[in-house]
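Where a number appears in this text, it was derived from the coordinates with a stated rule and is not lab data. Owing to the predicted nature of the structure, the values given are computational and were not obtained by experimental measurement. With ideal geometry, Cβ positions are generated from the backbone for all residues, glycine too; neighbour counts draw on all protein chains shown.
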Protein chains: 2
Amino acid sequence: MRRALVIEDQDLMRQALIVELKDSLGDCIIAGAQTYALAQSALADEMFDVVLIDPGLPGFDPTSSDQRLRVVEAIVRAAPSAVHIVITGSDNDKEAAACRELGVAAYLGKTGLPRGGLGKVLEQVARDEFSLRYSSANAQATEVHISGLTPRESRITELMMQRRPGERRKDVFVKMAEELRIEPNSAERYFKQARAKLLKYGRLPRGL
Amino acid sequence: MRRALVIEDQDLMRQALIVELKDSLGDCIIAGAQTYALAQSALADEMFDVVLIDPGLPGFDPTSSDQRLRVVEAIVRAAPSAVHIVITGSDNDKEAAACRELGVAAYLGKTGLPRGGLGKVLEQVARDEFSLRYSSANAQATEVHISGLTPRESRITELMMQRRPGERRKDVFVKMAEELRIEPNSAERYFKQARAKLLKYGRLPRGL
DNA sequence: GTTCATAGGGATGGTGCCATCCCCCTCAAA
DNA sequence: TTTGAGGGGGATGGCACCATCCCTATGAAC
């Protein structure tokens with residue numbers, strides 16, 4: 001059972017990263033630290049296999065690349081055997097190179113890193129590659145989330161609304177089926193169920 | 001059924017904010033926009049009751065308070081009847097005051113805003129109060145998340161590990177019972193179940 | 001010697017989601 | 001006229017989690 005530590009001051013983001021890690025690691029114990037002090041005490045208390053670091057922590061000047069790197073360096077030294085992943089909202093290539101020098105295994109921008117993205121990064125790292133992903137605003141469309149729909153229903157609705165012209169519904173069912181490893185028939189069933197719910201509440205977005 | 005729009009470039013954070021909003025609003029439809037352009041087209045297409053804005057968007061200089069405020073102003077103008085909430089990682093009192101001038105209903109720092117925090121903010125806003133919460137690193141301890149535990153089991157384990165000396169287990173059961181509106185007996189049952197699982201896998205953190 | 005917190009469970013009913021298989025109907029294209 | 005995409009469902013079994021109630025046993029406190 002692997003142990004991981006997530007160092008990130010923004011609570012919702014830390015929560016999200018912990019969930020991402022949990023989904024990627026399988027059996028694991030994940031600690032979350034909001035501050036540098038809490039991270040230090042966690043690192044002193046226990047061993048970790050994976051450490052996720054956002055260097056923009058309270059008490060450090062976010063515009064000082066020097067301070068940011070010193071935080072990373074201190075964390076890496078405190079757990080030299082762990083896999084270290086730096087994730088930041090203000091990424092740049094100089095910092096990426098410097099982190100790599102410090103022994104960091106992956107350097108990630110927060111923008112453009114979707115659900116499941118961390119899993120792919122960990123796979124890359126497991127192959128001893130340095131994983132580098134700069135922020136990029138890559139969204140093609142707005143997402144939509146509708147309460148009352150189950151996750152499956154929500155997902156197929158989203159996929160269906162993003163369908164490009166000429167693409168048949170059946171193609172979308174196949175796409176979702178591959179994504180979730182289920183039968184296209186099931187995807188179709190979720191879509192029908194979702195549409196029925198939306199019709200009932202008179203909330204049918206375009207794209208039916 | 002209310003409609004909300006979340007404008008935030010970091011995908012995981014946007015996701016988390018959408019979940020927060022969904023939990024707070026009940027029946028609702030929530031759109032998520034990664035960029036200013038996507039936000040604009042969403043605002044042009046539909047009406048929204050609530051708009052959540054992170055002014056630090058790609059394409060704008062994050063150090064320029066002028067640019068940040070112009071983003072907020074444009075969004076507010078595009079949906080004058082909506083409740084606008086600004087949430088940012090780099091909050092300061094000048095920007096808060098300026099946002100209030102622009103008609104924003106709440107100004108929140110990302111650090112120190114926990115799960116459920118947005119719900120309280122919305123309650124405040126519903127009472128026509130201006131909700132102001134600056135970032136603060138307020139965590140007392142590291143959180144712990146263990147895979148294989150259900151949410152209930154995870155929560156009671158976390159509460160139990162944060163128990164202060166002298167506090168009895170029973171007190172913690174009551175605390176969790178109030179939090180989730182269940183019987184203390186049930187909380188105790190979850191704790192026992194969690195401990196049994198942890199013992200089975202030899203992963204008993206201190207605090208039993 | 002009784003009370004109470006704690007340890008360590010068993011059993012139960014309910015609910016929601018998942019995944020699948022089935023049915024019927026319509027309409028257009030080949 | 002047969003085939004295939006699509007609309008609109010019903011029924012089912014399995015599973016995980018939730019919430020509750022029940023039982024035994026230990027050990028310290030009063």
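Between copies, A:PRO58 shows label-point distances of 3.0 nm, shortest first, with the point placed 7 angstrom from Cα along Cα to C-beta. Peptide A:22-35 is shielded by partner chain Cβ atoms: per residue, an average of 5 of them sit within 10 Å of its Cβ.
Taking the fewest neighbouring Cβ atoms within 10 Å as the starting point, the ordered list for A:ILE7, A:ILE75 is A:ILE75, A:ILE7. Using Cβ point charges alone (K and R +1, D and E -1), the dipole size of chain B about the Cα centre works out to roughly 1500 debye. Relative to one another, the C-alpha centroids of the range B:96-126 and the range A:143-207 are positioned 33 Å apart. Using a 7 Å projection from Cα along Cα-to-Cβ, the label point at A:LYS192 is separated from the same position in the remaining copies by 4.5 nm, smallest value first. Computed from Cα atoms, the angle from the helix A:151-161 axis to the main principal axis of chain A rounds to 70 degrees. Listed from fewest to most Cβ neighbours within 10 Å, the set A:LYS175, B:LYS192 follows the order B:LYS192, A:LYS175.
Put simply, the amide H of A:TYR134, placed in the peptide plane, has neighbours under 5 Å in A:GLY109, leaving out anything fewer than 5 places away on its chain. Which one of A:GLY119, A:GLY103, A:GLY166 has the biggest mean-square fluctuation once chain A is modelled by GNM with Cα springs under 10 Å? Looking only at A:GLY119, A:GLY103, A:GLY166, the largest GNM fluctuation is found for A:GLY166.
Can you give the local net charge around A:ILE30? Use residues other than it whose beta-carbon is closer than 13 angstrom to its beta-carbon, Lys and Arg +1, Asp and Glu -1.
For residues surrounding A:ILE30, the net value is -3.
The lysines within cross-link reach of B:LYS200, meaning a Cα-to-Cα straight distance under 30 Å and a gap of 8 or more places when in the same chain, are A:LYS22, B:LYS170, B:LYS175, B:LYS192. Distance between the modelled labels on B:ASP27 and A:LEU199, one decimal in nanometres: 1.8 nm (7 Å Cα→Cβ projection).
Relative to the longest principal axis of the Cα atoms of chain A, the long axis of helix A:11-25 lies at roughly 80 degrees. When the helices of the protein assembly as shown are scored as -39500 (n - 2.57) per DSSP H run of n ≥ 4 and the total is divided over every residue, the value at 222 nm lands at -14500 deg cm²/dmol. Here chain B is treated as an ellipsoid with the same Cα gyration tensor; its semi-axes, largest first and in whole Å, are 39, 17, 16. Per residue, the Cα convex hull of the range A:1-57 amounts to 62 Å³.
Going by how many other Cβ atoms sit within 10 Å of their own, how do B:PHE191, B:PHE60, A:PHE130 line up, fewest first?
A:PHE130, B:PHE60, B:PHE191
Answer rounded, prolate or oblate for the range B:151-200, using the Cα gyration tensor with square roots of eigenvalues a ≥ b ≥ c: rounded when a/c is under 1.5, else prolate when a/b is larger than b/c, else oblate. In terms of gyration-tensor shape, oblate.
Classify the range A:77-130: rounded, prolate or oblate, from the alpha-carbon gyration tensor (a ≥ b ≥ c, eigenvalue square roots; a/c under 1.5 rounded; otherwise prolate if a/b is larger than b/c)? Judged from the Cα gyration tensor, the range A:77-130 comes out oblate (a/c at least 1.5, b/c at or above a/b). Build a GNM of chain B with springs between Cα atoms under 10 Å apart, and of B:ARG100, B:ARG155, B:ARG164 the one that fluctuates most is B:ARG164. Between identical copies, the spacing of B:ARG127 label points, each set 7 Å from Cα toward the C-beta atom, reads 5.6 nm from nearest to farthest. Dipole of the range B:2-133 computed with +1 at Lys/Arg Cβ and -1 at Asp/Glu Cβ about the Cα centre; of B:VAL71, B:ALA96, B:ALA37, farthest Cα towards the positive end is B:ALA96. Candidates A:ALA187, A:VAL83, A:GLY112 compared by Cα position along the dipole of chain A: farthest toward the positive end lies A:ALA187, with charges placed on Cβ.
Charge dipole of the range A:89-208 (Cα centre as origin; +1 on each Lys and Arg Cβ, -1 on each Asp and Glu Cβ, all else neutral): 940 debye, rounded to the nearest 20. Residue by residue along A:146-153, Cβ atoms of other protein chains within 10 Å of the local Cβ number 3 on average. Considering the dipole of chain A built from charges on the beta carbon (Lys and Arg +1, Asp and Glu -1) around the Cα centre, which of A:PRO58, A:MET1, A:MET160 is farthest to its positive end? Value: A:MET160.
What's the angle, to the nearest 10 degrees (0 to 90), between helix B:184-200's Cα axis and the longest principal axis of chain B? For helix B:184-200, the angle is close to 80 degrees.
Taking springs between alpha-carbon atoms closer than 10 angstrom, which of A:ILE87, A:ILE18, A:ILE146 fluctuates most in the Gaussian network model of chain A? Looking only at A:ILE87, A:ILE18, A:ILE146, the largest GNM fluctuation is found for A:ILE146.
Within the protein assembly as shown, the percentage of alpha carbon pairs spaced more than 26 angstrom apart rounds to 59%. Rounded to the nearest 20, the Cβ-based charge dipole of the protein assembly as shown about its Cα centre (Lys and Arg +1, Asp and Glu -1) stands at 1760 debye.
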